[in-house]
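The values are calculated or read from the model by the stated rules, or taken from the named source; none is laboratory data. In this text, all values refer to a predicted model and were calculated from it rather than measured experimentally. FYI the Cβ positions are ideal-geometry reconstructions off the backbone, even for glycines, and counts take in every protein chain you see. Surface accessibility is based on the protein's heavy atoms, side chains included, excluding ligands, DNA and RNA. Shrake-Rupley method; radii C 1.70, N 1.55, O 1.52, S 1.80 Å.
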Amino acid sequence: MSQILKRYDLDKLAVATIASHTALQILRGAKKYGFRTIAIAKNEDIAQFYKQFFFIDEVWTGDFSNFRKTAERLVAENALLIPHGSYVEYVGWRQALEAPVPTLGCRELLRWEADQYKKMALLEEAGIPIPRVYRSPTEVDGPVIVKFFGAKGGRGYFVAKGREELEARLKALGEEYIIQEYLFGVPAYYHYFASPVYSRIEVFGADIRYESNVDGRTFGWAEPTFVVVGNLSLVLRESLLPIIHKYGVQFAKAVERRVGCRLAGPYCLESIIKDDMSIVVFEFSGRIVAGTNIYMGYGSPYSVLYFDKPMDMGERIAHEIREAAKAGKLDQLFT
Ligand code: AMP
């Protein structure tokens with residue numbers, strides 16, 4: 001990718017992403033910083049929606065089952081690709097890993113994210129508290145949550161109060177899954193930005209996911225489910241910020257050690273905060289999360305601490321690209 005980047009005309013850079021997830025925020029931010037913007041839609045209906053926005057210069061439709069062609073077209077257009085959860089879901093992590101277009105962040109991390117066990121091992125390596133992971137239902141001695149591999153927005157996950165209930169439900173499962181200790185407390189998701197330009201990890205914001213049916217009006221009549229339908233903003237107790245920042249830094253170091261590439265751009269740690277105020281991290285995302293959309297247009301509360309002006313994550317990415325391009329550091333951001 002660094003060879004491709006060397007051939008790019010830095011005065012004519014385009015920022016591209018898949019038309020879904022956080023595309024509006026990413027492209028709005030990019031346009032504000034003077035980049036040409038490209039959205040790649042799944043079909044014509046979706047393309048029509050994105051075409052109405054002044055900050056999107058071009059809307060393409062792309063074949064996600066064979067992304068190579070689109071990737072090559074992006075390179076011909078001097079474009080930088082910003083990956084997000086829907087991109088990985090649409091093209092699949094293997095294609096995302098190999099797509100021949102400069103892609104923001106540590107791409108190798110996709111391989112780790114595809115496997116729930118490797119994911120937890122990386123968090124453990126970072127020295128961050130994680131829930132117990134049970135290799136077999138026979139080890140289970142309390143409430144658990146069963147999760148499937150791959151980004152599915154919580155779909156299909158279920159909880160079981162103990163071993164017997166778990167064993168009965170596991171019989172019907174055909175996909176790969178992980179059994180985790182069910183953590184009691186409140187969910188909190190931390191948005192970070194890894195900046196090669198400023199050589200620092202920023203805590204950029206936080207959110208809570210709004211999940212059906214755990215957050216729904218079920219009166220205890222419906223089974224708990226964890227399908228994400230939206231996100232809510234969250235401001236944390238300030239006394240929690242140093243530890244949250246520390247975990248973000250530890251995670252970045254672990255990625256460098258174990259995965260072998262430097263984190264760059266947005267990432268997220270997902271946790272439960274227990275009633276003793278301890279934080280247990282059950283998941284991470286190596287790229288922008290949809291929870292950052294909450295702050296689109298008016299900026300996250302913590303961005304003012306770093307830049308003395310509000311910025312959303314789309315603007316933060318664009319700012320980093322602009323500064324990296326000026327400093328000849330684009331190859332530290334894109335892999
Ligand atoms: P995930 O796909 O790992 O982000 O999980 C989806 C949702 O399930 C989270 O937003 C939490 O509400 C819930 N969840 C996941 N893991 C745990 C856990 N170990 N204990 C309690 N709740 C969890």
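Looking at the range 125-143 only, could you name the residues that are out of contact with any Leu (no Cβ under 6 Å at 6 or more places or on another chain), within 27 Å of Leu173 (Cα to Cα) and assigned to a helix (DSSP H, G or I)? Selection gives Thr138, Glu139. Only one of the numbered conditions (1) under 20 Å from the mean Cα position of the chain (by Cα); (2) buried (at least 20 other Cβ atoms within 10 Å of the Cβ); (3) within 11 Å of the ligand (Cβ to nearest atom); (4) modelled with pLDDT of 95 or more is not met by Phe226, and that is (4). Among the residues in the range 291-309, are any among the hydrophobic types (A, V, I, L, M, F, W, C) and over 24 Å from His84 (Cβ atoms)? Yes.
This table checks each residue for (1) hydroxyl-bearing (Ser, Thr, Tyr); (2) part of a loop (DSSP other than H, G, I, E, B).
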{"site": "Tyr90", "(1), (2)": "yes, no"}
{"site": "Val101", "(1), (2)": "no, yes"}
{"site": "Arg107", "(1), (2)": "no, yes"}
{"site": "Trp112", "(1), (2)": "no, no"}
{"site": "Lys119", "(1), (2)": "no, no"}
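I'm checking my understanding of the structure. Among residues of the range 83-104 that are of a type in the set (S, T, N, Q) and open to solvent by less than 20 Å² (accessible area, probe 1.4 Å), which one is modelled with the highest pLDDT? Here the answer is Thr103. If we scan the range 25-34, do we find a residue that is assigned to a helix (DSSP H, G or I), more than 22 Å from the chain's Cα centre (by Cα) and in contact (Cβ under 8 Å) with a residue 12 or more places away in the chain? The answer is yes, given that some residue of the range 25-34 is assigned to a helix (DSSP H, G or I), more than 22 Å from the chain's Cα centre (by Cα) and in contact (Cβ under 8 Å) with a residue 12 or more places away in the chain. Taking the criterion of being among the acidic types (Asp, Glu), within 18 Å of the chain's Cα centre (by Cα) and more than 26 Å from Arg316 (Cβ to Cβ), the only residue of the range 101-138 that qualifies is Asp115.
For Ile40, indicate whether it is open to solvent by less than 20 Å² (accessible area, probe 1.4 Å) and part of a loop (DSSP other than H, G, I, E, B). Spelling it out, it is not the case that Ile40 is open to solvent by less than 20 Å² (accessible area, probe 1.4 Å) and part of a loop (DSSP other than H, G, I, E, B).
Evaluate the following for Phe158: is it closer than 17 Å to Glu270 by Cβ and of a type in the set (Phe, Trp, Tyr)? So Phe158 fails the test. Only one of the numbered conditions (1) within 12 Å of the ligand (Cβ to nearest atom); (2) open to solvent by less than 70 Å² (accessible area, probe 1.4 Å); (3) assigned to a loop (DSSP other than H, G, I, E, B) is violated by Lys147, and that is (3). Picking from residues in the range 174-199 that are of a type in the set (A, V, I, L, M, F, W, C) and within 16 Å of the ligand (Cβ to nearest atom), the one that is modelled with the lowest pLDDT is Ile178.
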